[in-house]
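The values are calculated or read from the model by the stated rules, or taken from the named source; none is laboratory data. Here the structure is a predicted model, which means the values were calculated and not measured. Please note: Cβ atoms are built from the backbone with ideal geometry, for glycine as well, and neighbour counts cover all protein chains shown. Just the protein is used for accessible areas: all its heavy atoms, side chains included, with ligands, DNA and RNA removed. Shrake-Rupley method; radii C 1.70, N 1.55, O 1.52, S 1.80 Å.
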Amino acid sequence: MSLHKTTLFTGVATALITPFANDKIDFDSLECLIERQIDAKVDALLVAGTTGESATLTFQELFDLTAFAKQRIRGRVPLLAGCGSNSTAHAIRLAEVAAEAGADGLLAVTPYYNKASDQGLLLHYRALADAAKRPLILYNVPSRTGYHLTMPLYRQLAVHQNIVGVKEASGDLGLFEALCDECGDNLDVYTGNDHQLVASVKLGGKGVISVCSNVIPAETAALYRFCACGDWRSAGREKRALYGRMQALFWEVNPIPVKYVAAQMGLCRLEYRLPLCEPSPETANRLREIFDL
């Protein structure tokens with residue numbers, strides 16, 4: 001990168017579910033999840049992202065979750081932690097907590113609900129990046145936040161020394177290509193959409209922050225490896241084999257389906273925090289069928 005920024009990871013980072021038991025973090029299940037991911041050769045792990053039900057975690061739970069993951073990972077892969085909020089002061093405190101607990105990098109979603117102006121969003125991310133004690137990855141997911149990061153904003157944010165990457169989950173491959181072309185020297189660009197992993201690497205992306213790798217980590221890692229070595233025929237074949245399961249994990253809002261599948265696989269209890277709840281019986285039946293559970 002031309003500004004000599006940190007590259008946090010290249011490849012597959014799993015956005016881990018947060019296992020609960022009786023409304024507390026289930027650390028025994030979390031340890032098993034971490035070991036399964038590392039055994040499958042994923043390249044990084046993310047805690048307290050959207051898939052980890054971050055909006056329902058307290059500051060103390062964020063610290064405990066991050067510290068536990070850091071201890072169990074033992075430096076084998078980088079550890080990222082979510083710190084997004086629609087309050088800049090709250091996001092800064094989340095970033096401080098995650099850094100204190102040992103996160104190697106941070107992921108910050110665009111502010112939601114109050115939907116800042118372009119100038120407000122620029123000031124938000126600059127303030128967060130200035131205060132953060134770890135490298136920061138931006139997260140653009142307008143389907144959840146109602147706000148879309150644009151190329152003018154990306155250009156301005158790309159020059160900040162502590163903003164090192166972007167998780168682009170808008171689904172707009174034109175924007176993804178422009179982002180790689182115009183800002184790729186200063187930002188590592190990742191897709192947040194599993195089904196676009198092959199296309200995103202072709203366009204210059206560095207990997208994926210993945211939901212599906214929670215339950216099919218080895219397969220997701222293999223898909224990226226085919227892309228990384230330019231074996232597009234094998235990548236296409238692997239993507240076709242995985243595509244139905246990737247899509248199934250979004251039949252209801254994430255992480256409802258992926259946590260249901262993980263529970264059926266014996267990886268965690270089937271426990272969510274409201275307002276998330278179990279999938280409908282119809283969705284549950286279809287998930288069991290497509291994942292052969």
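Tabulated values for the structure
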read-out	value
Residues (under 17 Å from residue 262 (Cα atoms), charged (D, E, K, R) and buried (at least 17 other Cβ atoms within 10 Å of the Cβ)) located in segment 34-58	36, 53
Answer from 114, 186, 193 - the residue that is touching a Lys or Arg at 6+ places or on another chain (Cβ under 8 Å), among the polar types (S, T, N, Q) and open to solvent by 10 Å² or more (accessible area, probe 1.4 Å)	186
Where residue 224 falls short, out of the listed (1) within 30 Å of residue 161 (Cβ to Cβ); (2) aromatic (Phe, Trp, Tyr); (3) not in a helix (DSSP H, G or I)	(3)
Residue 150 being among the β-branched types (Val, Ile, Thr), more than 23 Å from residue 81 (Cβ to Cβ) and modelled with pLDDT under 95	yes
Selected residue [open to solvent by 20 Å² or more (accessible area, probe 1.4 Å), within 14 Å of residue 14 (Cβ to Cβ) and either without any contact (Cβ under 8 Å) to a residue 12 or more places away in the chain or not aliphatic (A, V, I, L, M) (or both)] from 224, 243	224
Extreme residue, least open to solvent (accessible area, probe 1.4 Å), among residues of segment 86-95 that are in contact with a strand residue (DSSP E or B) (Cβ under 8 Å, 6 or more places away or on another chain) and either polar (S, T, N, Q) or closer than 16 Å to residue 61 by Cβ (or both)	95
Residue identified as closer than 30 Å to residue 198 by Cα, open to solvent by 50 Å² or more (accessible area, probe 1.4 Å) and in contact with a helix residue (DSSP H, G or I) (Cβ under 6 Å, 6 or more places away or on another chain) among 144, 155, 134	134
Qualifying position, being touching a residue at least 24 places away in the same chain (Cβ under 8 Å) and closer than 19 Å to residue 44 by Cβ, among 185, 194	194
Selection status of residue 248, of a type in the set (A, V, I, L, M), open to solvent by less than 20 Å² (accessible area, probe 1.4 Å) and over 19 Å from the mean Cα position of the chain (by Cα)	no
